[in-house]
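Heads up: the structure comes next, in structure tokens.
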Amino acid sequence: MGDVVMFSLNSFSLKGKNAIITGGATGLGEYYTKAMLTVGANVMVVSRTEKGWDQIRKFADQHDGKASFLSQDVTADGAADKIVAAALEQLGSIDILVNNAGMQLRNNWRDFQDADWRKVINLNLNAVYYLSHAVAKEMAKQHSGKIINIGSMQSYRAGKFIFPYTASKHGIVGLTKAYADALAPENIQVNAIAPGYINTPMTKALQEDPVRSKEILEHIPAGHWADPSELMGVAVFLASDAANYITGVTIPVDGGYLLR
Ligand code: NDP
């Protein structure tokens, strides 16, 4: 049995922990990266372009953690092994993986293109499976690790213009459970965050649609769309020792959206 006196704010510290965050320099990923740098983690950001990287580098300079960058398409053949090799070289070990890179393509059901289905599933689901697999093998060697996947409200609800997005985000919940079950004996915890409606470029079209934006707002008990900074605490928590007995869950951060 754990001794309660051993609990302190240090349980939430990520000091000296090494994290890979895909898509970690822009959008919501930027907030996970900054949250982890703030509490002492070293972060390797992975994305195809250096968009946003400069400000992450500057942020890291002003905080405890160090940041590095890898330009890599996570859907490319062999990407997972390349990312693991680069992380071991740049960070020395991998304690945390945040599978954040994701995309959404919208169309009505008649016009939805097969190629668009494949693109979204490849990034939002297949790449998460492959990278988690490669990273888990390294984490298993040290008998510890945290994998954090990113769901959405489409992990629970339909989206009639976003078929592959909805399928991939439902898939994230299942994949999180399957990996959590398989990796628990290796002391690797696998959880997901399901952001609600967040004020970002990805949701710009939705916010500007007068009908849908009104419907969504009426559905949020908190009465407002979230600021991306409202996701920072849960990311740090799930990556920290404070969450060592939590695995296989998807945590909605949605201002109560799912309640209605
Ligand atoms: P953005 O489009 O703003 O950012 C996506 C990031 O992923 C970029 O940094 C991009 O960099 C990177 N990326 C995209 N494709 C690849 C690839 N093939 N290989 C490597 N990196 C890639 O997305 P958001 O911040 O809006 O979303 C992040 C996650 O949060 C996604 O999983 C999304 O589904 C989820 N989410 C977002 C919500 C929102 O309101 N925005 C709500 C709920 C969930 P680059 O282009 O340089 O590769």
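What follows is calculated from the coordinates using simple rules that are stated; it is not laboratory data. Just so you know, these numbers come straight off a predicted model, no measurement behind them. In this analysis, Cβ positions are derived from the backbone assuming ideal geometry, glycine residues included, and neighbour counts consider all displayed protein chains.
Straight-line reach from Lys51: taking Cα to Cα under 14 Å and skipping same-chain neighbours fewer than 8 places apart, the aspartates and glutamates in range are Glu30, Asp73. Working ranking of peptides 191-197, 8-14, 159-165 by packing, defined as the average number of other Cβ atoms within 10 Å per residue, highest first, is 191-197, 159-165, 8-14. Spin-label model, Lys137/Gln62: points 7 Å from Cα along the beta carbon direction are separated by 4.0 nm.
So what's Rg/Rh here for the range 184-260, counting alpha carbon atoms and using the Kirkwood radius for Rh? Mind showing how you got there, number by number?
Details: Rg = 15.1 Å, Rh = 13.9 Å.
Value, to two decimals: 1.08.
For Lys146, the aspartates and glutamates whose Cα falls under 17 Å of its own Cα, not counting residues fewer than eight places away in the same chain, are Asp95, Glu138, Asp181, Glu186, Asp241. Listed cross-link partners Lys15/Lys119; Lys119/Lys160; Lys66/Lys177 are compared with a 27 Å cut-off, the Cα-Cα value being larger for Lys15/Lys119; Lys66/Lys177. Measuring nothing but alpha carbons in the range 1-134 and taking Rh as the Kirkwood radius, the Rg to Rh ratio lands at 1.06.
When Trp53, Trp117 are sorted by how many other C-beta atoms sit within 10 angstrom of their C-beta, beginning with the fewest, the order is Trp117, Trp53.
With all pairs of separate Cα atoms included, the range 13-254 yields a Kirkwood hydrodynamic radius of 18.0 Å. If a spin label sat at a point 7 angstrom from the Cα of Arg157 along the line to its beta carbon, the backbone N atoms of the range 91-129 nearer than 18 Å would be those of 104-107. Remark: spin-label model distance Ala182-Gln55 equals 3.7 nm, labels positioned 7 Å along the Cα→Cβ axis. Each residue, Glu215 and Asp227, gets one label point 7 Å from its Cα in the Cβ direction; the gap between the two is 2.9 nm.
Over the chain, DSSP H runs of length four or greater, each weighted -39,500 (n - 2.57), average out per residue to a 222 nm ellipticity of -11500 deg cm²/dmol.
Other residues lying with their Cβ under 12 Å from the Cβ of Leu37 contribute a combined charge of +3, Lys and Arg counting +1, Asp and Glu -1.
Helix 163-183 and the longest principal axis of the C-alpha atoms of the chain enclose an angle of approximately 30°.
Computed from backbone phi, the HN-Hα couplings of the range 122-133 come to 4, 7, 6, 10, 4, 5, 5, 4, 5, 5, 4, 4 Hz, rounded to whole numbers (Karplus: 6.51 cos²θ - 1.76 cosθ + 1.60, θ = phi - 60°; Gly and Pro given as x). Proximity of backbone amide H atoms, modeled 1.01 Å from N, is registered between Val249 and Ala192 at under 5 Å, excluding neighbours fewer than 5 places apart on the same chain.
Peptides 100-111, 239-250, ordered by how many other C-beta atoms sit within 10 Å of their residues on average, highest first, read 239-250, 100-111. Between the Cα long axis of helix 27-38 and the first principal axis of the chain there is an angle of about 20°, rounded to the nearest 10. Be a star and scan the range 108-142 for residues whose amide nitrogen sits under 20 Å from the point 7 Å along the Cα-to-Cβ vector of Ala76. Once the point is set 7 Å along Cα→Cβ of Ala76, 119-135 turn out to lie under 20 Å by backbone N, inside the range 108-142.
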